[in-house]
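Here is the structure we will look at.
The values are calculated or read from the model by the stated rules, or taken from the named source; none is laboratory data. Since the structure is predicted, the reported quantities are computational estimates derived from the model, not experimental observations. Here the Cβ positions follow ideal geometry from the backbone for every residue, glycine too, while neighbour counts run over all protein chains shown. Protein only, heavy atoms only, side chains kept; ligands, DNA and RNA dropped before computing areas. Shrake-Rupley method; radii C 1.70, N 1.55, O 1.52, S 1.80 Å.
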Amino acid sequence: MRKSAQSVRVQRAAPLSPFLFVLFDTLFVLLVTPSILPLDITTALNQRINMKIGQPATAFTLHDTDKNEITLQQQAGKNVLLLFFPLAFTSVCTKELCSVRDNIATYKNATATVFGISVDSPQTLAKFREEQGLNFPLLSDFNKETSAAYGALYEQFAGWMKGVSKRAAFVVDKQGVIRYAEVLENPGELPNFTAINQILETLK
């Protein structure tokens with residue numbers, strides 16, 4: 001029995017790959033901290049508030065890739081572009097966010113702060129942001145509450161996954177009012193960035 005215990009200790013000491021680290025970290029959140037588990041998807045969808053132009057944007061508190069709390073209230077006095085996307089590392093999401101990365105000067109000139117939001121864990125988003133060299137924050141809506149509140153949450157995605165963010169774009173002005181709202185049912189489509197940039201130009 002003692003030899004068996006020593007063998008187990010040696011296995012635990014073996015280095016973990018980054019992928020396994022992210023996987024185990026996510027499982028730890030799910031199994032050890034049930035108080036922050038996602039809401040039941042049906043309940044979340046029933047509670048959602050579809051954001052419409054002219055309405056105050058729903059407040060949220062999310063975590064960035066460094067696990068810092070980011071709130072909409074902190075952005076008061078700034079124009080904000082919220083980009084919900086389904087999943088990190090997928091082709092269309094990568095194309096969309098890399099396009100924003102390459103045109104970040106456009107948003108800075110419009111005095112707009114950009115946030116990408118998905119239900120991925122902070123660890124997964126950190127890896128995605130690093131690999132793609134994204135120059136704006138990614139926020140984890142791991143509990144799915146913000147996506148649901150903005151009407152940007154799939155009940156089912158790709159036939160079997162539940163509670164994945166829809167691709168969506170919202171412009172929030174300096175007073176916290178929605179000035180642009182677009183929620184796409186087809187995950188293969190991209191937001192209308194021409195229209196988004198036109199709105200931002202009027203909010204300088």
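Summed over the stretch 37-56, the residues that are modelled with pLDDT under 95 and open to solvent by 80 Å² or more (accessible area, probe 1.4 Å) give a count of 8.
Residues in the stretch 111-141 that are among the acidic types (Asp, Glu) and within 16 Å of Pro86 (Cα to Cα) were compared, and the one that is least open to solvent (accessible area, probe 1.4 Å) is Asp141.
Applying the condition of being outside any strand (DSSP E or B) and open to solvent by 10 Å² or more (accessible area, probe 1.4 Å) to the stretch 147-172 and asking which residue is nearest to Ile53 (Cα to Cα) yields Ala149.
Looking for something modelled with pLDDT of 95 or more, surrounded by 13 or more Cβ atoms within 10 Å (Cβ to Cβ), in contact with a His (Cβ under 7 Å, 6 or more places away or on another chain) and small (Gly, Ala, Ser) - is there at least one such residue anywhere in the stretch 57-69? Scanning the stretch 57-69, I find no residue that is modelled with pLDDT of 95 or more, surrounded by 13 or more Cβ atoms within 10 Å (Cβ to Cβ), in contact with a His (Cβ under 7 Å, 6 or more places away or on another chain) and small (Gly, Ala, Ser), so the answer is no. For the stretch 79-110, the set of residues classified as touching a Gly at 6+ places or on another chain (Cβ under 7 Å), open to solvent by 10 Å² or more (accessible area, probe 1.4 Å) and more than 14 Å from Gly188 (Cα to Cα) consists of Arg101 only.
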